[in-house]
1. Is there a quick way to get the dipole size of the chain? I mean about its Cα centre, with the Cβ of Lys and Arg at +1 and of Asp and Glu at -1; what is the value in debye to the nearest 20?
2. Under the √(5λ) rule applied to the eigenvalues of the Cα gyration tensor, what semi-axes describe the equivalent ellipsoid of the chain? Give them in Å, descending.
3. Ignoring everything but the protein chains, give the 1.4 Å probe accessible area of Tyr77 in square angstrom, nearest 10.
4. May I ask you to give the solvent-accessible area per residue for the chain, in square angstrom, as obtained with a 1.4 angstrom probe?
5. On a 1.4 Å probe surface of the protein chains, which of Met100, Met108 comes out largest in accessible area, and what is the full order?
Amino acid sequence: MDRKRPVIGISAYDVPVDFGQWKEFRSVLVPQGYVRAVVAAGGIPVLIPPTEVATAILGDVDGMVFTGGSDINPAVYGQEPHPESSAFYDHRDAAELEVMRAALSSTMPVLGI
């Protein structure tokens, strides 16, 4: 691997998607634009799935991009959801918040979308 290029972690979604005959198939993915942007900026993208072991990769990446997407569940910060809020993914919120806390406590560059 060319370690002259920074390795950039990209937080991934864990959502149900449809692939042909597979309906509501749990998948880990990100929109391709995030990957292309990291490559265009000279980085090597690595997808980080929202799991309880997500922070284990932080020692091997040089920076993190936290992707946009669904809203954080307002229960995380003690509030009620707005009536027009969409689905929440509590497992993603928990994993990303843990990774973000760990990344911010280091000197690692972080971009939150």
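The values are calculated or read from the model by the stated rules, or taken from the named source; none is laboratory data. Since the model is a prediction, treat every value here as computed from it, not as a measurement. All Cβ positions, even for glycine, are placed from backbone atoms using ideal geometry, and neighbour counts span all protein chains on display. With ligands, DNA and RNA removed, areas are computed over all heavy atoms of the protein, side chains included. Shrake-Rupley method; radii C 1.70, N 1.55, O 1.52, S 1.80 Å.
1. Details: 8 positive and 14 negative charges, 117 e Å.
Roughly 560 debye for the chain.
2. Values: eigenvalues 127, 73, 30 Å².
After scaling each eigenvalue by five and taking roots: 25, 19, 12 Å.
3. 140
4. Values: 7190 Å² over 113 residues.
For the chain, the solvent-accessible area averages 64 Å² per residue.
5. On the way: Met100 60, Met108 30 Å².
So the residues, ranked largest to smallest area, are Met100, Met108.
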